[in-house]
Structure formats: C-alpha cells, structure tokens
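Engineer: Here's a structure for you.
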Amino acid sequence: MIVSRKAAKLSPYVPGEQPGQPGLYIKLNTNESPFPPSPAVEDALKTYRWDELRLYPDPSSRSLRRCIAHHYNLKEEQVFAGNGSDEVLSFAWYAFFDPENGPLLFPQHTYSFYPVYSDFYQQPYRRIPLAEDFGIDIGAFIEAMSAPYAGVIFPNPNAPTGMALSLEEIERILEASRGKKLVIVDEAYVDFGCDSAIPLIDRYSNLLVVHTCSKSRSLAGLRVGYALGAQELIETLTAVKDSFNSYPLDRLSQKIAEIAIQDEAYYARVRKNTIEIRDWFSASISRDGWQVLPSKANFIFARRPGIAGADIYGDLKDKGFLVRHFSIPGIEDFIRITIGTDKDMEKLYCLLKELYHSEKDCGEA
Ligand SMILES: *Cc1c(COP(=O)(O)O)cnc(C)c1O
C-alpha cells in the first residue's frame with residue numbers, strides 16, 4: 001500500500017464551508033471579520049517592494065516578534081510567530097504533550113481542532129463536561145488535574161459557546177497545575193471583550209497564550225498567529241518549527257501583520273463596532289424567544305427552543321445566509337452565527353422573525 005498506516009487513520013478537521021462563488025451567501029459561518037483590514041495595510045500592499053520576494057524571509061520573524069512584544073509589553077524572546085495560530089497550536093502539541101503523562105484536558109464542547117491534533121500526535125485526551133450554563137467548569141478541571149494528565153488547553157472565550165472565564169478562574173487552573181504541566185489559553189477571540197491572560201505570563205512559566213490575526217485584525221487570509229509565554233517555552237516551540245519548516249511566515253505576511261498590530265486605533269473602532277452589533281443582535285433575538293449564550297466573542301451561539309438546529313441552518317442557507325451548525329449531541333440545536341455588518345445582521349434579524357415568528361412583521365430595516 002502506498003498510503004502510510006498513520007495517514008490512513010487520520011480524521012481531519014472540517015472547516016466551515018468556503019463557497020467557491022463570492023457573494024452567493026452572506027457568510028456568517030467562520031468568524032471572519034466583515035470589516036476590512038486597517039487602511040495602513042492597503043497602503044503597504046500598494047507600495048510593496050515586490051522584487052524582495054526573490055529572497056527568503058527572516059526565518060525567525062524578528063521584526064514582527066519585536067513589534068508584538070512591544071505591543072504587549074513583553075520581550076522579543078517571549079514571542080513565537082507562526083503560519084496561523086493553528087500551526088502554532090500544532091507545534092505546541094509536539095513541543096509540550098507526552099502521551100505517557102496521561103490525557104490532555106480540554107472542554108467537552110470546544111474548538112474542534114483540539115481532538116484532531118491529539119489524534120495526529122497520538123496524544124490521548126479527556127473532554128471535561130461543561131457546566132449546566134454551558135460555561136467551562138473550573139471545578140471539574142481542577143478535579144481532573146488531581147489524576148495524571150499531559151496538559152490543559154481551552155479557548156477564552158470558549159468556542160463555539162462564546163462564553164468567557166475571568167482571570168481569577170484561569171488563575172485557579174494555573175495554581176492547580178503547580179507549574180508542572182503546560183496550560184494553553186487560546187485567545188483567538190479575546191479582543192472582543194474579555195480579559196487576556198497575558199499579564200499572568202510573568203508569574204506562571206507554564207502558561208502559553210495563543211493569539212491570531214485572523215479574527216480581530218481582519219486578516220484570516222494572511223495566516224499569522226503567535227504564542228506568548230516564558231522564554232524557555234518559546235525556545236522549545238522554535239526548535240519544533242526549525243525541525244519542520246524554518247520559514248513558516250513569508251515576507252509579505254511578516255510585514256503586513258506588523259503594520260496591522262501597530263494600528264491600534266483602527267482596530268479598537270472595529271472591535272467596538274462588532275461588540276455593539278453583537279449585543280444589539282443578541283438582545284433583539286432573545287426578546288423573540290431565542291436562547292443566546294452570553295458571548296464575549298465575534299459570534300453568538302443560539303437556539304430556538306422547539307426547532308432543530310439543523311433545520312434552522314438549512315432554512316437560513318436557503319435564504320442566502322451561511323451559519324455554522326454542529327451535529328454534536330448536547331449542542332445540536334444551537335447554531336453559531338458570526339457577527340457581520342450592521343446591515344447584514346438587521347437583514348438576518350428580520351429573516352429570523354419572518355421564518356419563526358409569523359405573527360409579527362419586521363418591515364423594512
Ligand atoms: C479561528 C481559531 C483559531 C485559528 O486561527 P488561525 O490563526 O486562523 O489559524 C484557533 N483557535 C480558535 C479557538 C479559533 O476559533
């Protein structure tokens with residue numbers, strides 16, 4: 001057989017649909033930003049010295065890492081940059097988790113790449129059930145950490161629920177780890193209104209915080225992610241990177257990401273806008289009988305009691321809206337809706353009324 005036994009056994013991550021034809025759907029299914037990147041990015045692309053592309057990029061992305069370090073008040077040696085945070089996470093699995101130490105712990109319902117990486121690296125894992133309100137159950141994590149385990153990872157806010165932990169709750173997990181196993185906080189959505197664990201890095205040398213430019217910096221197409229943590233953690237990630245692909249970030253990505261990180265004023269406005277639309281949309285559909293989990297992300301997770309999630313997904317797709325649905329017991333009646341522009345969300349709000357609330361008419365938005 002040509003295919004390796006390892007490859008034959010893979011069960012890959014399934015990303016949200018990317019329709020081939022742009023404009024066919026209003027795309028609210030993969031948590032991309034509906035707003036463009038900073039205007040400074042456009043300017044930089046227009047004047048980019050394209051002849052530089054004949055040269056290899058800086059393998060260690062030093063200028064970008066210095067810029068990120070400066071932004072978060074850290075040292076360059078505390079920053080690792082990779083080709084999307086997915087790649088950074090994959091390196092972290094290789095760098096820090098050993099199967100013989102026990103299972104990796106993550107929440108029952110969470111980013112569905114975690115079980116995929118675990119299988120890829122043959123790392124056993126244990127899913128910790130969510131609390132009744134769908135929040136991450138800190139007590140259950142701490143209890144699980146009293147038995148052997150390989151490490152802990154969770155997104156904050158969690159995906160696909162959008163619910164956030166407080167810094168105090170994250171510290172309880174770090175205390176329970178007693179510095180012995182890696183704790184990863186995946187902060188892909190942290191900029192949309194929850195507290196970052198970055199200030200804890202100096203006190204906990206086993207904390208790795210992972211960020212992406214894909215969501216709050218409107219650069220999903222660029223593929224830049226980064227990890228922040230103690231220098232020794234970053235050195236280990238770098239050794240893994242240099243054993244796999246020493247140039248994961250191309251010249252253009254390093255440069256554009258750096259420009260985006262520096263334009264704090266623009267992105268602060270975009271975040272504020274997203275948060276306002278999210279909170280307006282959540283409150284509006286709640287009044288119409290939807291259950292909406294309290295979100296600190298650029299998406300919401302919602303269900304309409306009495307209507308199957310798969311049906312809602314299908315109804316919306318027929319009407320030109322792509323949202324995300326997971327056929328997973330426990331959350332199968334929820335749909336995850338990325339926050340789009342105010343116009344798109346007003347249209348969706350009216351459509352939901354039309355579809356599931358026939359006695360009321362939304363009128364022209
Ligand atoms: C989107 C997302 C990522 C991946 O981001 P990229 O940088 O685009 O690879 C990682 N973790 C979570 C929880 C995400 O939602």
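Engineer: Which cross-chain or sequence-distant (5 or more) residues have an amide H under 5 Å from the amide H of THR30, H modelled 1.01 Å from N in plane?
Structural biologist: The answer is none.
Engineer: Would you mind working out the magnitude of the charge dipole of the chain relative to its Cα centre, with +1 at each Lys and Arg C-beta and -1 at each Asp and Glu C-beta, to the nearest 20 Debye?
Structural biologist: The calculated dipole for the chain is roughly 620 debye.
Engineer: Which of the aspartates and glutamates could be linked to LYS255 by a straight reach, that is with a Cα gap under 17 Å, when you skip same-chain ones fewer than 8 residues away?
Structural biologist: The qualifying aspartates and glutamates are GLU42, ASP43, ASP51, GLU52, ASP58, GLU76, ASP263, GLU264.
Engineer: Give me SER246, SER38, SER295, SER90 sorted ascending by neighbouring Cβ count inside 10 Å, so fewest comes first.
Structural biologist: SER246, SER90, SER38, SER295
Engineer: Determine one quarter of the surface area of the Cα convex hull of the stretch 66-114, which equals its mean projected area, and express it in nm² to one decimal.
Structural biologist: Average projection, Cα convex hull of the stretch 66-114: 4.8 nm².
Engineer: Summing +1 for each Lys or Arg and -1 for each Asp or Glu, what net charge is found among the other residues whose Cβ lies under 9 Å from the Cβ of ALA197?
Structural biologist: Computed value for this residue: -3.
Engineer: Further question: Under a no-solvent Debye model with one identical scatterer per Cα of the stretch 262-365, what's log10 I(q)/I(0) at q = 0.14 Å⁻¹?
Structural biologist: So the normalised log intensities are -0.55.
Engineer: If you don't mind, another one. Filter the trypsin sites (Lys or Arg not before Pro) in the stretch 1-61 to those in DSSP coil with at most 12 other Cβ atoms within 10 Å of their Cβ, and list the result.
Structural biologist: The qualifying sites are LYS9, ARG49.
Engineer: What translational diffusion coefficient, to the nearest whole µm²/s, does the stretch 146-245 have by Stokes-Einstein, given a Kirkwood radius computed over alpha-carbon pairs, a temperature of 4 °C and 1.567 mPa s viscosity?
Structural biologist: The calculation lands on 90 µm²/s.
Engineer: Taking the stretch 325-356, which GluC sites (Glu not before Pro) meet the DSSP loop condition and have no more than 16 other C-beta atoms within 10 Å?
Structural biologist: GLU332
Engineer: So what J values fall out for the stretch 327-343 if you push phi through Karplus, 6.51 cos²θ - 1.76 cosθ + 1.60 with θ = phi - 60°, rounded to Hz, Gly and Pro as x?
Structural biologist: Each residue's phi maps through the Karplus curve to give 7, 10, x, x, 10, 5, 9, 8, 10, 9, 10, 5, 6, x, 5, 4, 4 Hz.
Engineer: Still on this structure, I have one more. Starting at 0 and stepping by 20 Å, how many percent of the alpha carbon pairs of the chain end up in each bin?
Structural biologist: Per 20 Å bin, starting at 0, the Cα pair percentages come out as 28, 57, 15, 0.
Engineer: Continuing with this model, one more query. Calculate, in whole percent, how much of the Cα-Cα pair population of the stretch 6-45 lies beyond 14 Å.
Structural biologist: 68
Engineer: Semi-axes of the equivalent ellipsoid of the stretch 247-288: what are they in whole Å, largest first, if each equals the square root of 5 times a C-alpha gyration tensor eigenvalue?
Structural biologist: Each semi-axis is √(5λ); the values are 34, 13, 4 Å.
Engineer: Now a separate question. When the convex hull of the Cα atoms of the stretch 226-320 is projected onto a plane and the area is averaged over all directions, what value comes out in nm²?
Structural biologist: 10.5
Engineer: For a quick size check, give me the Cα extents of the stretch 37-180 along its three principal axes, largest first, whole Å.
Structural biologist: Each principal axis gives a Cα extent; for the stretch 37-180 these are 55, 32, 27 Å.
Engineer: For the stretch 283-363, run through the trypsin sites (Lys or Arg not before Pro) and keep only the ones in DSSP coil with at most 12 other Cβ atoms within 10 Å of their Cβ.
Structural biologist: LYS360
Engineer: Now for a separate question. Calculate the length of the line joining the C-alpha centroid of the stretch 82-127 to that of the stretch 198-257, in whole Å.
Structural biologist: 16
Engineer: Using the Karplus curve 6.51 cos²θ - 1.76 cosθ + 1.60 with θ = phi - 60°, work out ³J(HN,Hα) for each residue of the stretch 295-309 in order, rounded to whole Hz, and write x for Gly and Pro.
Structural biologist: 9, 10, 10, 9, 8, 10, 10, 9, 9, 10, x, x, 10, 5, x
Values quoted throughout were computed directly from the atomic coordinates according to the rules given, and no laboratory measurement underlies them. Remember, predicted model here, so these are calculated numbers, not experimental data. All Cβ positions, even for glycine, are placed from backbone atoms using ideal geometry, and neighbour counts span all protein chains on display.
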